[in-house]
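What follows is a single structure, written as structure tokens, with notes after it.
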Amino acid sequence: MTIQFKDETFRDDYTFSNSDWAIKRFPFPFHEDSYMYAVNMEQHRGGPDGSVYEKRFDVDEHYVSEMRDRAMVLADDPLRCQSLPHMTLAGWDLLELIMVSKSEDYPDLFELHRDGDQWHWINKPLGIDDKFTFLDETSLPYGPMEYITRQTQGDFCVLDQRDDNLWMDAGIVTTQADWSLDFDIGMNFFEWHAPVPLAHEKGIFVRALKFLLNIQQGAPARRLNWTMTVNPLLDTSPENYHKWGIQKTSLTPENIGQKQHLRVELQTFFRLPRSNALVFPIRAYLASFDDLMTVPKWGRRLHRVIRDLPEELATYKGFIDNRPMMLDYLSRYDDGKPTSDGIWPNLDTDPPRD
Amino acid sequence: MSGAEKINVTVSAVVPLNELVTRFEFKRTDGALFPTFSGGAHTVVEMKDDGLTRLNPYSLMSDPQDQQTYAISVRRDDEGRGGSLFMHNNVKVGDAMVVSNPVNLFSLDLRAKKHLMIAGGIGITPFMAQIKQLDRAHGNWELHYATRNAALGTYVDELTSTHPNDVHIYYDDDKNFIDLENLLDGQPLGTHIYVCGPKGMIDWVRGKTAELGWPLESVHYEEFLAPQPGKPFEVKLSISNKTIQVGENESLLEALEREGVDAPYLCRGGACGQCETSVIGYDGKFLHMDHWLEDDEKASGTKIMPCVSRFEGKTLVLDR
């Protein structure tokens, strides 16, 4: 289908909204009626037509506006994008991966023409038409990682692999769930995950690291992660906590359906060929509670998951204070009927709501 | 097999380099481009050898940016189980073969201010690709390459003619050896060392650098063991509920694959840890050959690396 790009905001007047198309393809993250950490990796090799899994780098109706929001964040705080000196080659790897993927997956939106190292990139939605020399930084207006990720939805961590560990040595992070690239830059896998509760004790990170170190060229992987965000804010960063943290107190029983958003991250992992680094794109999708309740299965399940979530996780994910109000709202959409396995809406097969 | 799709290739050139080493070049059968790779990566080559499927890893030694051709150089091992003999005796231009996507367990540390490479014999192959990668990035490197004599000096001429100042050759037969202590003494801060060659050479470089206080993180080595032949043995597999026989000239990993039992792998040479398998019970003796398991793990009888290690005794039950 042709994507109708929206003109909307993720700050101030919050004009962001999802079309019916975007709601039905929303990556609902709970495959059963409860939630606990798991490595939950699967191969990232396509998925159902139209789903967010189908393409290597999903482009949706929010693309143009998300990119405008990213440019505003970077203008205010250039340290959201950093690349240590040894990561430039990985940046070119990433540029190549995204340009090749997008031009193959969305030929009506993106074109890449290559003649040796002379490359011509056309990004129609953003009105970009650039010719440059591959591996020559002086031929682009930004470094290669920043250039291409200013044109790609989602945050990107580019991880160096050495000494049997992964190192946060480059990235662009403007749509994050309350963590900071500027704080984590140069840290290894265990260091940057240190604040996460429960998962260390379960040995999750040791197993996850072992899996990630062995991700091979041609065999990318993916998983979903989630949290809660009041208002459709992309930039929920520690740097700007003073601006958005207070908004969590603005929820009322009347506005919670519109203001409270489930924030889902589609996390993917690709081995980068020239540098042997690993790129970790983190793509955030937002859906209001009202959006989600249009799918009866998701209404039932979200109520059960939030109700039964361990306190540590509700605290870590930042909604422990609002949980009672959420449950008041969500319980109205849980009629006690069973839910089908898996994340898909199953509108035709799951029972309608009473 | 776990991981990426394999790549169907056609042998495009077979180039004998000297009495022991031959280069094999591959093109993609579908005419598409190969993936680029990073210097130090290997590919796993599938060989259909008289009913056996052998999967042997070889360092990619072509230019990592060359997407038309992959090349490996194979040293003939007359004592081994036959993988290199198969390559030398059976593989001809035009043959169809299957290779894996590149996997790198010996990559450059791109933070290094200088890359000091030490090669022994056929251990030169990963450096061929790394040198091409570094040259393109104007990297600072130096190669010290020990080999038996000029006649067996694989790629010596190519290396010395293109890089006369950065390549240093040592012939054992001339009693010309790398003066390691002096070499290490003169290195600038931020130098990383890479060593690929026989086990003795790797141990020597690791030992000397440790003795001199080099950080462990600055010393990189690649040592894939070739699986050794041994007495046949029987294995019970508890998950797949099978009893399988491991033949004299096949590894336990190969026997698992022959029986359709999925065991993940990367290096197939006892180095990467990917195929680590839990032992449920045994009555007999393990022949641990890998350098992945710690000594206490080997002694505990709870783990085995099926790519290179074997077993002698009555029963062995594995968690596969």
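Would you pick out the residues in the stretch B:45-64 that are in contact with a helix residue (DSSP H, G or I) (Cβ under 8 Å, 6 or more places away or on another chain) and surrounded by fewer than 15 Cβ atoms within 10 Å (Cβ to Cβ)?
Going residue by residue through the stretch B:45-64, those that are in contact with a helix residue (DSSP H, G or I) (Cβ under 8 Å, 6 or more places away or on another chain) are B:45, B:47, B:49, B:52-56, B:58-64.
B:T53, the sole residue that qualifies.
Go through the stretch B:4-54 and give me each residue that's more than 26 Å from B:R136 (Cα to Cα) and among the charged types (D, E, K, R).
B:E5, B:K6, B:E19, B:D30, B:E46, B:K48, B:D49, B:D50, B:R54, listed by residue number.
Scan the stretch A:5-31 for residues that are farther than 20 Å from A:T174 by Cα, among the polar types (S, T, N, Q) and out of contact with any Leu (no Cβ under 9 Å at 6 or more places or on another chain) and jot them down.
A:S19
Just to check your reading of the model, which residue among A:V100, A:V59, A:V64 is modelled with pLDDT of 95 or more and assigned to a loop (DSSP other than H, G, I, E, B)?
Values: A:V100 fails: assigned to a loop (DSSP other than H, G, I, E, B); A:V64 fails: assigned to a loop (DSSP other than H, G, I, E, B).
Every option except A:V59 fails the conditions.
Does at least one position in the stretch B:260-270 carry a residue that is out of contact with any Leu (no Cβ under 9 Å at 6 or more places or on another chain) and either part of a loop (DSSP other than H, G, I, E, B) or without any contact (Cβ under 8 Å) to a residue 40 or more places away in the chain (or both)? I'd like the intermediate steps shown before the answer.
Within the stretch B:260-270, the first condition is being out of contact with any Leu (no Cβ under 9 Å at 6 or more places or on another chain), and the residues that meet it are B:260, B:264.
When the remaining residues are screened for being either part of a loop (DSSP other than H, G, I, E, B) or without any contact (Cβ under 8 Å) to a residue 40 or more places away in the chain (or both), the result is B:260, B:264.
Yes.
Looking at the stretch B:207-220 only, could you name the residues that are free of Cβ contacts under 8 Å to residues at least 60 places away in the same chain and surrounded by 18 or more Cβ atoms within 10 Å (Cβ to Cβ)?
Once the filter is applied, which keeps residues that are free of Cβ contacts under 8 Å to residues at least 60 places away in the same chain and surrounded by 18 or more Cβ atoms within 10 Å (Cβ to Cβ), the stretch B:207-220 yields B:T209, B:W214, B:V219.
Given (1) assigned to a strand (DSSP E or B); (2) surrounded by 19 or more Cβ atoms within 10 Å (Cβ to Cβ); (3) away from chain B (no Cβ under 14 Å), where does A:R223 come up short, assuming only one miss?
All conditions pass for A:R223, except number (2).
Please enumerate the residues belonging to the stretch A:1-16 that are free of Cβ contacts under 8 Å to residues at least 12 places away in the same chain and either farther than 18 Å from A:Q153 by Cβ or within 17 Å of the chain's Cα centre (by Cα) (or both).
Taking the stretch A:1-16 and keeping what is free of Cβ contacts under 8 Å to residues at least 12 places away in the same chain, we get A:12-13, A:15.
Result: A:D12, A:D13.
Within the set of pairs 6+ apart or on separate chains, which have a first residue in the stretch A:130-148 that is within 14 Å of another protein chain (Cβ to nearest Cβ), a second that is part of a loop (DSSP other than H, G, I, E, B), and C-beta atoms under 6 Å apart?
Pairs that qualify, where the first residue is within 14 Å of another protein chain (Cβ to nearest Cβ) and the partner is part of a loop (DSSP other than H, G, I, E, B), are A:T133/A:D117; A:F134/A:D117.
I need the full set of residues from the stretch B:52-70 which are among the hydroxyl-bearing types (S, T, Y) and either part of a strand (DSSP E or B) or outside the structural domain of B:A32 (by TED's automatic domain parsing) (or both), in order please. Reasoning before the result, please.
Our first condition is that a residue be among the hydroxyl-bearing types (S, T, Y); within the stretch B:52-70, this holds for B:53, B:58-59, B:62, B:69-70.
The answer is B:T53, B:Y58, B:S59, B:Y70.
Any idea which of B:E297, B:E276 is surrounded by fewer than 21 Cβ atoms within 10 Å (Cβ to Cβ), within 14 Å of another protein chain (Cβ to nearest Cβ) and touching a Lys or Arg at 6+ places or on another chain (Cβ under 7 Å)? Walk me through how you get there before you give the answer.
On the way: B:E297 fails: within 14 Å of another protein chain (Cβ to nearest Cβ).
After applying the criteria, what remains is B:E276.
Can you give me the number of residues within the stretch B:70-91 that are β-branched (V, I, T) and under 12 Å from B:S59 (Cα atoms)?
Taking the stretch B:70-91 first, the residues β-branched (V, I, T) are B:72, B:74, B:91.
Subset that is under 12 Å from B:S59 (Cα atoms): B:72, B:74.
Number satisfying all stated conditions: 2.
Can you tell me which condition A:I282 does not meet? The list is (1) in a helix (DSSP H, G or I); (2) surrounded by fewer than 21 Cβ atoms within 10 Å (Cβ to Cβ), and all the others hold.
(1)
Give the stretch A:23-53 a look and list any residue that's closer than 13 Å to A:A221 by Cα and part of a loop (DSSP other than H, G, I, E, B), or say none.
Here is the first cut: in the stretch A:23-53, the residues closer than 13 Å to A:A221 by Cα are A:39-47, A:53.
Result: A:V39, A:N40, A:M41, A:H44, A:R45, A:G46, A:G47, A:Y53.
When the residues of the stretch A:196-215 are narrowed to those that are touching a residue at least 24 places away in the same chain (Cβ under 8 Å) and in a loop (DSSP other than H, G, I, E, B), which ends up farthest from the other protein chains (Cβ to nearest Cβ)? Break it down stepwise before answering.
Going through the stretch A:196-215, the residues touching a residue at least 24 places away in the same chain (Cβ under 8 Å) turn out to be A:196-199, A:202, A:204, A:207-209, A:211-213, A:215.
So of that shortlist, the ones also in a loop (DSSP other than H, G, I, E, B) come out as A:196-199, A:202, A:215.
Numbers: A:V196: 25, A:P197: 29, A:L198: 26, A:A199: 22, A:K202: 19, A:I215: 9 Å.
So the residue we want is A:P197.
Of the residues B:I178, B:I202, only one is surrounded by fewer than 19 Cβ atoms within 10 Å (Cβ to Cβ) and in contact with a strand residue (DSSP E or B) (Cβ under 9 Å, 6 or more places away or on another chain); which?
Numbers: B:I202 fails: surrounded by fewer than 19 Cβ atoms within 10 Å (Cβ to Cβ).
That would be B:I178, the only listed residue that is surrounded by fewer than 19 Cβ atoms within 10 Å (Cβ to Cβ) and in contact with a strand residue (DSSP E or B) (Cβ under 9 Å, 6 or more places away or on another chain).
Which count do you get for residues in the stretch B:131-141 that are outside any loop (DSSP other than H, G, I, E, B), in contact with a strand residue (DSSP E or B) (Cβ under 7 Å, 6 or more places away or on another chain) and either within 14 Å of chain A (Cβ to nearest Cβ) or among the β-branched types (V, I, T) (or both)?
Residues that pass the stated criteria total 2.
Among the residues in the stretch A:226-246, are any under 17 Å from A:N40 (Cα atoms) and either part of a loop (DSSP other than H, G, I, E, B) or more than 21 Å from the chain's Cα centre (by Cα) (or both)? It would help to see each step written out before you state the result.
Quick first cut of the stretch A:226-246, residues under 17 Å from A:N40 (Cα atoms) only: A:226-227.
Retained after the next criterion (residues that are either part of a loop (DSSP other than H, G, I, E, B) or more than 21 Å from the chain's Cα centre (by Cα) (or both)): none.
Within the stretch A:226-246 (the criterion being under 17 Å from A:N40 (Cα atoms) and either part of a loop (DSSP other than H, G, I, E, B) or more than 21 Å from the chain's Cα centre (by Cα) (or both)), the answer is no, since none of the residues qualifies.
For the stretch B:163-188, give me the residue count where each residue is assigned to a loop (DSSP other than H, G, I, E, B) and aromatic (F, W, Y). Reasoning before the result, please.
Initial filter on the stretch B:163-188 (assigned to a loop (DSSP other than H, G, I, E, B)): B:163-166, B:175-179, B:186-188.
In the following step, the residues that additionally are aromatic (F, W, Y) were identified as B:177.
The total comes to 1.
Can you tell me which residue among B:R310, B:R268 is more than 14 Å from chain A (Cβ to nearest Cβ) and surrounded by 21 or more Cβ atoms within 10 Å (Cβ to Cβ)? Explain how you work it out, then say what you get.
Details: B:R268 fails: more than 14 Å from chain A (Cβ to nearest Cβ).
So the residue among B:R310, B:R268 that is more than 14 Å from chain A (Cβ to nearest Cβ) and surrounded by 21 or more Cβ atoms within 10 Å (Cβ to Cβ) is B:R310.
So which of B:T154, B:T147 ends up being more than 21 Å from B:V219 (Cβ to Cβ), away from chain A (no Cβ under 14 Å) and without any contact (Cβ under 8 Å) to a residue 60 or more places away in the chain? Before you say what the answer is, go through the steps one by one.
Details: B:T154 fails: without any contact (Cβ under 8 Å) to a residue 60 or more places away in the chain.
Of B:T154, B:T147, the one residue that is more than 21 Å from B:V219 (Cβ to Cβ), away from chain A (no Cβ under 14 Å) and without any contact (Cβ under 8 Å) to a residue 60 or more places away in the chain is B:T147.
Here are A:D108, A:D69: which of them is among the acidic types (D, E) and part of a loop (DSSP other than H, G, I, E, B)? Before you say what the answer is, go through the steps one by one.
Values: A:D69 fails: part of a loop (DSSP other than H, G, I, E, B).
After applying the criteria, what remains is A:D108.
Matching residues to (1) modelled with pLDDT of 95 or more; (2) surrounded by 15 or more Cβ atoms within 10 Å (Cβ to Cβ); (3) within 14 Å of another protein chain (Cβ to nearest Cβ); (4) part of a helix (DSSP H, G or I):
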site	(1), (2), (3), (4)
B:I72	yes, yes, no, no
B:G80	no, yes, no, no
B:L85	no, yes, no, yes
B:G94	yes, no, no, no
B:D109	yes, yes, yes, no
B:A119	yes, yes, no, no
B:P126	yes, yes, yes, yes
B:A129	yes, yes, yes, yes
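Looking at B:V9, B:V99, B:V44, which one is away from chain A (no Cβ under 13 Å), among the β-branched types (V, I, T) and touching a strand residue (DSSP E or B) at 6+ places or on another chain (Cβ under 8 Å)? Full working, then the answer.
Values: B:V99 fails: away from chain A (no Cβ under 13 Å); B:V44 fails: away from chain A (no Cβ under 13 Å).
It is B:V9.
The values are calculated or read from the model by the stated rules, or taken from the named source; none is laboratory data. If you're wondering where the values come from, they're calculated on a predicted model, not measured in any experiment. Positions of Cβ are generated from backbone atoms using ideal geometry, with glycine treated the same way; all protein chains shown enter the neighbour counts.
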